[in-house]
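The values are calculated or read from the model by the stated rules, or taken from the named source; none is laboratory data. None of the values given here were measured: they were computed from a predicted structure. Note: ideal-geometry Cβ built from the backbone for every residue, glycine included; neighbour counts use all protein chains shown. Areas reflect the complete protein model, heavy atoms only, side chains present, ligands, DNA and RNA absent. Shrake-Rupley method; radii C 1.70, N 1.55, O 1.52, S 1.80 Å.
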Amino acid sequence: MEPAPVEEDSRTPGGQAIQTTTALHGDGTVIAQSRHMAADFLTRVQADHGLPVSQRAMDLTQLVVSELVTNARKYAPGPVLLDLRIAGDVVEVAVWDSDPVLPIARAADAGRVGQHGLEIVMAVCQGFEAQREPVGKRITARIALADDPGGAVFGRCPL
């Protein structure tokens, strides 16, 4: 089943958000589709609104989308919503799912096979938030649109 746009709000960047929300349902192909949607969204942000989006931001956004959507598909029954929003100089990636259990970042363990997704997300973002909703939860990660002028390779996400 194809992702279905729920809402699209492409206002000008004069202090107002540029946003798209998509319902994801179907099989595991929605993970790859969500990465493509994120890349398309950031490409439109550049082309239509003239906002600078670094290649690093493009790559990290796709990585974060992939990790968060994968977790939602793996651990929560039912639909998943992907919300992409430009807020100032960051892109906010928010994923909603129906499971109210908040994720917990595990201690780093190079010997552990798998379950590193949340660690990865937190390592590359500038901000991270997990909150319960009236139904389910919403996970939000914020990624800088421009490369860090100090040359940092990873974000500064508070743990």
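Counted by Cβ distance under 11 Å from residue 137, the other residues give a net charge of -2, where Lys and Arg count +1 and Asp and Glu count -1.
A 1.4 Å probe run over segment 50-123, with the rest of the protein chains in place, finds 47 Å² accessible per residue.
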